[in-house]
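The values are calculated or read from the model by the stated rules, or taken from the named source; none is laboratory data. Source: prediction; values computed, not measured. All Cβ positions, glycine included, derive from the backbone under ideal geometry; neighbour counts span all protein chains shown.
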Amino acid sequence: MPSFDEKKQPQILNTSKGVDIAYHALQGKSPGVMFLGGFHSDMDGTKAVALHQWCQDNDRAFLRFDYSGHGASAGQFEDGCIGDWAADALSALDHLTQGPQVLVGSSMGGWISFLVARACPERIVGLLGLAAAPDFTEDLMWQDLTDAQRAELETKGKVCLPCDYDPDEPYVITKKLIEDGKNNLLLRSPLNIDIPVRLIQGMQDTDVPWKTALKIQEVLTSDDVEIQFVKNGDHRLSEAKDLLRLTRTLEHFLKDVETA
């Protein structure tokens, strides 16, 4: 089949909160695949586009979208938090997909995927996490802040942190993001999700420690959890071999879900 038009303008969903969410969707076989991107990422990233192409080639329903304040969606990034972006994902699930879905969550998208799966167990039949990062605002951001940065966050309501991927675009971390993250922590108690879960984790990931994948499988109540550790894998997992691993894993995962 031909490649999809990467320059095609996204469609827009106006959520119940009045936020315009940009998205691209494919009709196709069920269960559908829904991609949830990472912190400060967007739906035009390498993994999202590769999944779109694979789903098109395999006549599989697919959705990718931008959270509010991300990519082509409306809103300011600094105004958002985990709870807001999870609400965006739930709106996208409700209004832009039909039937059972397999969620593919990258980094922060892994955290949001677990929140969505817990909220809508009747719709989500499988979850594939890529460097999934539940609780990262608490365990990675907050824990790594210096006393001076914590004081600045308290007094100014935000602090700027350097971004390894774009030195000219530092991350703006808000007090709202940190406080809301505390309200959505998942790794402190059993995570009542009883669907098949697959995790792919690079062992050279400098953003999300590889042991996070072990913590996730420990708290999940599901017995069907598998982890692929990639010895030389980084956080992005976006090289050609990584994308091949991703689509191969998804293909096998969908077969497992369909025959369950």
Taking the criterion of being buried (at least 21 other Cβ atoms within 10 Å of the Cβ) and not hydrophobic (A, V, I, L, M, F, W, C), would at least one residue in the stretch 151-173 satisfy it?
no
Being over 30 Å from GLN56 (Cα atoms), assigned to a helix (DSSP H, G or I), in contact (Cβ under 8 Å) with a residue 60 or more places away in the chain and out of contact with any Cys (no Cβ under 6 Å at 6 or more places or on another chain): is that true of THR247 here?
no
Kindly indicate whether ILE12 is assigned to a strand (DSSP E or B), more than 21 Å from GLY129 (Cα to Cα) and over 19 Å from the mean Cα position of the chain (by Cα).
yes
The conditions are (1) out of contact with any Pro (no Cβ under 8 Å at 6 or more places or on another chain); (2) of a type in the set (D, E, K, R); (3) modelled with pLDDT of 95 or more, and ASP194 fails exactly one of them. Which is it?
(1)
Filtering the stretch 32-69 down to residues that are under 18 Å from LYS8 (Cα atoms), part of a loop (DSSP other than H, G, I, E, B), of a type in the set (Gly, Ala, Ser) and in contact with a Phe, Trp or Tyr (Cβ under 8 Å, 6 or more places away or on another chain) yields none
Hey, which of the strands (runs of 3 or more DSSP E) in the stretch 77-178, taking only ones fully inside, have at least 3 residues that are hydrophobic (A, V, I, L, M, F, W, C) and at negative phi?
101-106, 124-130, 158-161
Check whether at least one residue in the stretch 63-74 is in contact (Cβ under 8 Å) with a residue 60 or more places away in the chain and in contact with a His (Cβ under 7 Å, 6 or more places away or on another chain), and report yes or no.
no
When only residues in the stretch 61-89 that are among the aromatic types (Phe, Trp, Tyr) and closer than 21 Å to GLU138 by Cβ count, which is surrounded by the most Cβ atoms within 10 Å (Cβ to Cβ)?
TYR67
Going by the structure shown, is PHE229 part of a strand (DSSP E or B), under 19 Å from the mean Cα position of the chain (by Cα) and of a type in the set (Phe, Trp, Tyr)?
yes
What residue, among those in the stretch 34-60 that are buried (at least 21 other Cβ atoms within 10 Å of the Cβ) and more than 22 Å from ILE82 (Cβ to Cβ), is farthest from the chain's Cα centre (by Cα)?
ARG60
